[in-house]
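*Asks:* Before we start, here is the structure in question, set down as structure tokens.
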Amino acid sequence: MVNAIAPGLIRTPFHNPEITPPQAFEKMASEILLKRAGAPEDIVGAAMFLASDYADYITGATIDVNGGLYMS
């Protein structure tokens, strides 16, 4: 079994404003519970945890790292 990280809206240098205009991106970010898009650094903790010995008995899990996207 493998584990997975399911990121929400993450602001990266690969964001293409031609596909998602900045106004639309900011509107999506404002609808997240934490009122902001995530950063790649927000994913690091979950990745490090899953790669550590602390997660050695976790299998087939998906960790949502989305700033409360589904709670808002």
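Where a number appears in this text, it was derived from the coordinates with a stated rule and is not lab data. Here the structure is a predicted model, which means the values were calculated and not measured. Backbone-built Cβ (ideal geometry, glycine too); neighbour counts: all protein chains shown.
*Asks:* List the residues whose amide H sits under 5 Å from the amide H of GLY8, counting only those 5 or more places along or on another chain, with H placed 1.01 Å from N in the peptide plane.
*Replies:* VAL65, ASN66
*Asks:* Same structure again: Report the paramagnetic label zone for ARG36: residues of the range 6-22 whose backbone N is under 17 Å from a point 7 Å from Cα along the Cα-to-Cβ axis.
*Replies:* 8-13
*Asks:* On a full-extension model of 0.36 nm per residue, what is the gain between GLU18 and MET48, subtracting their alpha-carbon distance, rounded to one decimal in nm?
*Replies:* Between GLU18 and MET48, full extension yields 7.5 nm more.
*Asks:* Calculated from the structure, volume of the Cα convex hull per residue in Å³ equals which of (1) 76; (2) 113; (3) 101?
*Replies:* Only one listed value fits the structure, namely (3).
*Asks:* Same structure, new question: As I understand it, the value is the acute angle between the Cα axis of helix 40-51 and the longest principal axis of the Cα atoms of the chain; what does it come to in degrees, rounded to 10?
*Replies:* Long axis of 40-51 versus the principal axis of the chain: about 10 degrees.
*Asks:* Right, here's the next one. Quick check: residue separation of MET1 and ASP64 times 0.36 nm, minus the Cα distance between them. What number comes out in nm?
*Replies:* On the way: separation 63, 0.36 × 63 = 22.68 nm, distance 1.75 nm.
Stretched fully, the MET1-ASP64 segment lengthens by 20.9 nm.
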